[in-house]
1. Look through region 164-197, keep the residues that are among the polar types (S, T, N, Q) and assigned to a helix (DSSP H, G or I), and return whichever of them is surrounded by the fewest Cβ atoms within 10 Å (Cβ to Cβ).
2. Does SER221 fit the bill of being touching a Leu at 6+ places or on another chain (Cβ under 7 Å) and modelled with pLDDT of 90 or more?
3. If we keep just the residues of region 40-93 that are part of a helix (DSSP H, G or I) and touching a Phe, Trp or Tyr at 6+ places or on another chain (Cβ under 8 Å), which is farthest from VAL252 (Cα to Cα)?
4. Please go through region 23-65 and give me each residue that is surrounded by 15 or more Cβ atoms within 10 Å (Cβ to Cβ), at pLDDT 70 or above and touching a strand residue (DSSP E or B) at 6+ places or on another chain (Cβ under 7 Å), ordered by number.
5. Looking at region 73-100, which of its residues are surrounded by fewer than 18 Cβ atoms within 10 Å (Cβ to Cβ) and on the phi > 0 side of the Ramachandran plot?
6. Name the residue, out of THR99, THR68, THR88, that is of a type outside the set (A, V, I, L, M) and modelled with pLDDT under 95.
7. Inside region 105-157, can you point out the residues that are of a type in the set (D, E, K, R) and either part of a loop (DSSP other than H, G, I, E, B) or in contact with a Gly (Cβ under 8 Å, 6 or more places away or on another chain) (or both)?
8. I need a count of the residues in region 102-145 that are at pLDDT 95 or above and at positive phi.
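The values are calculated or read from the model by the stated rules, or taken from the named source; none is laboratory data. Worth saying up front: this structure is predicted, and the values here are computed from it rather than measured. Using ideal geometry, Cβ is built from the backbone for each residue, glycine included, and neighbour counts are taken over all protein chains shown.
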Amino acid sequence: MDRITKAVERARKDNQSGGKASSGRRLGNGKSYGGSPIRKISVSEDLLKENRIITNKINAEYSQVYKTLRTHVWHKMRTHGWNTLAVTSSNPGEGKSLTAINLAINLALMEVEQTIILIDMDMRNPSVHRYFGLDPEFGVSDYLVTGTSLDDIMVDPGIGRFCVVPGSIALPNSSEILSSPRTARLIDEIKARFPSNIIIFDMPPILLTDDVLVLSPYIDSTLLVIEEGKTLAKDASRALDALGRNNLIGTVLNKAEVKVRQYGNF
């Protein structure tokens, strides 16, 4: 792991030299469940709306679609006693990260007892933090490689019972890192700190890396995102074959041009 640690340190120095600033304002301590209070951040509603993130304060034509998705996922996970879900796609750019974010948030807004934790495990191209306007000092790779504490990487965006463990720097040797004992330690620590929770992993595209398969011992179920007009049938088929027995919870047809009908007096 020494070689990986040095790579993380080099990448971090490169990032710091860029001088980027975070547009998510740090507010101090937020939620606390069986441990130190989680660092709370303030996220602009305008930014969330611009990035197509759905909350109770932000409504959109496709809001009901995510509410329907969360209900299907919640019922299936509860029926089987599952509490971990990986969200992946065949190839890049098919909408898996936004799907993971909106699913996690909408589950958190529905749940009053469970905490929904979104972990950015797309270590070659972490992007969850960008949707919230964050430039995190530390992320998942720091926990797994350099031993940074969970308190230093987990954030509370102030949206229901929803917490984020963001990525930070991109690492090319992700499968080697994910196969280390520290991955098990991360998941065990989160489960211990949040005894009643659902963990959603934003994973890389399954046809590009073996990360989903490496992480499979910790994953109860998987959701496959398919983009209408972009994902090739052969790629979707290959992705389903690669997932094999990873308890496929379903597929999401993203960016489908279907008119969403409203019901009720709005």
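1. If we filter region 164-197 for residues that are among the polar types (S, T, N, Q), which is where we start, we get 168, 173-175, 179-180, 183, 196-197.
In the following step, the residues that additionally are assigned to a helix (DSSP H, G or I) were identified as 174-175, 183.
Details: SER174: 23, SER175: 17, THR183: 19.
The selected residue is SER175.
2. Values: touching a Leu at 6+ places or on another chain (Cβ under 7 Å): yes; modelled with pLDDT of 90 or more: yes.
Answer is yes for this residue.
3. Filtering first and then ranking leaves LEU47.
4. ILE38, ARG39, LYS40, ILE41, LEU48, LYS49
5. GLY81, GLY93 - these are the residues of region 73-100 that are surrounded by fewer than 18 Cβ atoms within 10 Å (Cβ to Cβ) and on the phi > 0 side of the Ramachandran plot.
6. On the way: THR99 fails: modelled with pLDDT under 95; THR88 fails: modelled with pLDDT under 95.
On inspection, the qualifying residue turns out to be THR68.
7. GLU111, GLU113, ASP120, ASP122, ARG124, ASP135, GLU137, ASP151, ASP156
8. Result for region 102-145: 0.
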